[in-house]
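Reading through the structure tokens given below for one structure.
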Amino acid sequence: MTIVIGFEGSANKIGVGIIRDGEVLSNPRRTYITPPGQGFMPSDTARHHRAVILTVLKEALEEAGLQPQDIDCVAYTKGPGMGAPLVTVALVARTVAQLWDRPLLGVNHCIGHIEMGRLITNAHNPTVLYVSGGNTQVIAYSERRYRIFGETIDIAVGNCLDRFARVIKISNDPSPGFNIEQMAKKGTKFVELPYTVKGMDVSFSGILSYIEEAAHKMLKSGECTAEDLCFSLQETLFSMLVEITERAMAHCGSQEVMIVGGVGCNLRLQEMMGVMCEERGAKVFATDERFCIDNGAMIAQAGWEMFRSGQVTELQDSWITQRFRTDEVEVTWRD
């Protein structure tokens, strides 16, 4: 029996989760929410994390009914992410590991999403679409690495949605992407937007520039509603993602798709991916907001896999990095 505690805080979520041999014992988190029209600055986000992280840690232990001596390993997000929030979490994880005299493990954020998805969905060997505010990648496992088959060449899909939300002052509570999804359900008119797929890669900066420029003119003239723009943006972005995912599936001969990351809990994206999979005789796997949005349990689960395969991070190597590609990690726990 191995119990791992995981600390996640690479962006505006701060979470602490505890995993025991594939069972989620606790997974509390907090979100730093800014006013409509604003993003979140690294320094302000880190200040928020510092203010609440010990409360969240206490909640995680109480919810799991555990004491520090019950924990076998302390895992934390090493990267990628925003520098100041990552440092905050790494400092707490290092301190806790030393106070409790437990080994430390630095975890790749994306690997955390993938391993949590595999645990929750029981997908065998899926093609992975990883979509969040900071990352957009199509991934498949091969020879002890999660190989990136396609990715964004500029901004992430979640960043594109978030920045559009700021343009038309959509609320950030609980998240701009969720509120865009709800508004999109009321959209009735499709507005044609730039569609940019380049081989296996996608580009979202052009569509964002276009809609930032055109949105207020269209809304002011009555050409369309804010709901129509949300609907059109979602349909266009998600069509691009489905296209490159299908291409990766064909290349790998895969019959499974797993969607992970914060944008992955969008039901319209899951629906569109499901249509494509049905046409191919494949299956689509996804998780709900408990596990697709950044959380501590996903770091604990990846840490659990790494720890069981003999990995640990020495204290002098327990730094963070804002750039940490998925395919840099040797996957020692899979055949």
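Of note:
- Between the amide H of Tyr141 and those of Arg147, distances stay under 5 Å, these residues lying 5 or more places away or on another chain, with hydrogens modeled in the peptide plane.
- Counted without the sites themselves, the longest stretch of the chain free of GluC sites (Glu not before Pro) in a DSSP loop having at most 14 other beta carbon atoms within 10 Å is 1-142.
- Of the residues Gly253, Gly133, Gly274, the one that moves most in a GNM of the chain with alpha-carbon contacts below 10 Å is Gly253.
- The range 186-261, relative contact order in percent, only Cα pairs under 8 angstrom and at least six apart counted: 42
- At R0 = 51 Å, FRET efficiency that the Cβ-Cβ distance of Ser221 and Arg144 yields, to 0.05: 0.40
- Pairs of Lys in the chain closer than 30 Å at Cα, counting only those 8 or more apart or on different chains: 24
- Database note for the chain: Cys without another Cys beta carbon under 4.7 angstrom, Cys73, Cys110, Cys160, Cys224, Cys230, Cys252, Cys277.
- Beta bridges per DSSP with both ends in the chain, % antiparallel, nearest 5: 60
- Within the range 183-255, chymotrypsin sites (Phe, Trp or Tyr not before Pro) in DSSP loop having at most 16 other beta-carbon neighbours inside 10 Å: Phe190, Tyr195
- Other residues whose C-beta falls under 11 angstrom from the C-beta of Gly264 contribute a net charge of -2, scoring Lys and Arg +1 and Asp and Glu -1.
- For the chain, the relative contact order works out to 27 percent when only alpha carbon pairs closer than 8 Å and six or more residues apart are counted.
- For the chain, the alpha carbon positions stretch 64, 45, 31 Å along the principal axes, listed from largest to smallest.
- Mean separation of Cα contacts under 8 Å, 6 or more apart, over the residue count of the range 21-131: relative contact order %: 24
The numbers here are math on the coordinates, done by the rules we state, and not lab data. It should be emphasised that the depicted structure is a prediction, and the values quoted were computed from it without experimental measurement. Heads up, the Cβs are rebuilt from the backbone with ideal geometry, glycines too, and the neighbour counts pull from every protein chain shown.
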